[in-house]
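A.B. asks: Here's a structure for you.
The values are calculated or read from the model by the stated rules, or taken from the named source; none is laboratory data. Model, not experiment: these values are computed from the prediction. For neighbour counting, all protein chains shown are included, and Cβ atoms are generated from backbone atoms with ideal geometry for every residue, glycine included. These accessible areas exclude ligands, DNA and RNA; they are computed on the full protein's heavy atoms, side chains included. Shrake-Rupley method; radii C 1.70, N 1.55, O 1.52, S 1.80 Å.
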Amino acid sequence: SLSFSFSRECLMDATHRDVDVLLLLSNSAYYVAYYDDEVDKVNQYQRLSLEALEKIEIGPEPTLFGKPKFSCMRLHYTYKETSGYFHTLRAVMRNPEEDGKDTLQCIAEMLRITKQAMGLDVPIIEKKLESKRGPITRPHTTIEP
């Protein structure tokens, strides 16, 4: 069984500032887990099949004014056979000179390689991300040991 995890210092939910995200990858699914620093534990997560991952976009964070400070990664997926769902994540960098794009590209490539191992592919597209809200899928609020 293939398993990767990406450090919680690495990712944040770009639509909800200051929410740490753990991205876990297995050989058939990825998990988006929301980490609560105050209690030092994951308080909710979402399991998404790699088959449902439609495309990955990487680009500057959507901004209304000014120059974007960070790169973001948007994971587009289907839910109950309906397109239009996505998670937008951004890298948290210790060095203020970096925008996190390299980190996000590595994560995207790991997702792609894992999906290719299933005999499927996922496009990785570099573009300016649009500011939009997609339909919401409810994360799991109970964490099973």
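A.B. asks: Considering (1) among the charged types (D, E, K, R); (2) in a loop (DSSP other than H, G, I, E, B); (3) surrounded by 12 or more Cβ atoms within 10 Å (Cβ to Cβ), say which one residue 115 fails and leave the rest.
C.D. replies: Going through the list (1) among the charged types (D, E, K, R); (2) in a loop (DSSP other than H, G, I, E, B); (3) surrounded by 12 or more Cβ atoms within 10 Å (Cβ to Cβ), residue 115 breaks only (2).
A.B. asks: Assuming residue 13 fulfils every condition listed in (1) at pLDDT below 75; (2) open to solvent by 80 Å² or more (accessible area, probe 1.4 Å); (3) under 16 Å from residue 76 (Cα atoms) apart from one, which condition is it?
C.D. replies: Of the numbered conditions (1) at pLDDT below 75; (2) open to solvent by 80 Å² or more (accessible area, probe 1.4 Å); (3) under 16 Å from residue 76 (Cα atoms), the odd one out for residue 13 is (2).
A.B. asks: Tell me which residues, restricted to the range 63-89, are in contact with an Asp or Glu (Cβ under 6 Å, 6 or more places away or on another chain) and touching a residue at least 60 places away in the same chain (Cβ under 8 Å).
C.D. replies: If the condition is that a residue be in contact with an Asp or Glu (Cβ under 6 Å, 6 or more places away or on another chain) and touching a residue at least 60 places away in the same chain (Cβ under 8 Å), then no residue fits.
A.B. asks: Select from the range 43-75 the residues that are hydroxyl-bearing (Ser, Thr, Tyr) and either closer than 22 Å to residue 24 by Cβ or within 11 Å of the chain's Cα centre (by Cα) (or both) and list them in ascending order. Reasoning before the result, please.
C.D. replies: Pass one, the range 43-75, residues hydroxyl-bearing (Ser, Thr, Tyr): 45, 49, 63, 71.
Answer for the range 43-75, where residues must be hydroxyl-bearing (Ser, Thr, Tyr) and either closer than 22 Å to residue 24 by Cβ or within 11 Å of the chain's Cα centre (by Cα) (or both): 45, 49, 71.
A.B. asks: I need the full set of residues from the range 70-112 which are assigned to a strand (DSSP E or B), open to solvent by 10 Å² or more (accessible area, probe 1.4 Å) and modelled with pLDDT of 90 or more, in order please.
C.D. replies: Matches in the range 70-112: 76, 78.
A.B. asks: While we're on this one: Looking only at residues in the range 119-145 that are modelled with pLDDT of 95 or more and part of a loop (DSSP other than H, G, I, E, B), which one is farthest from residue 77 (Cα to Cα)?
C.D. replies: In this case the residue turns out to be 119.
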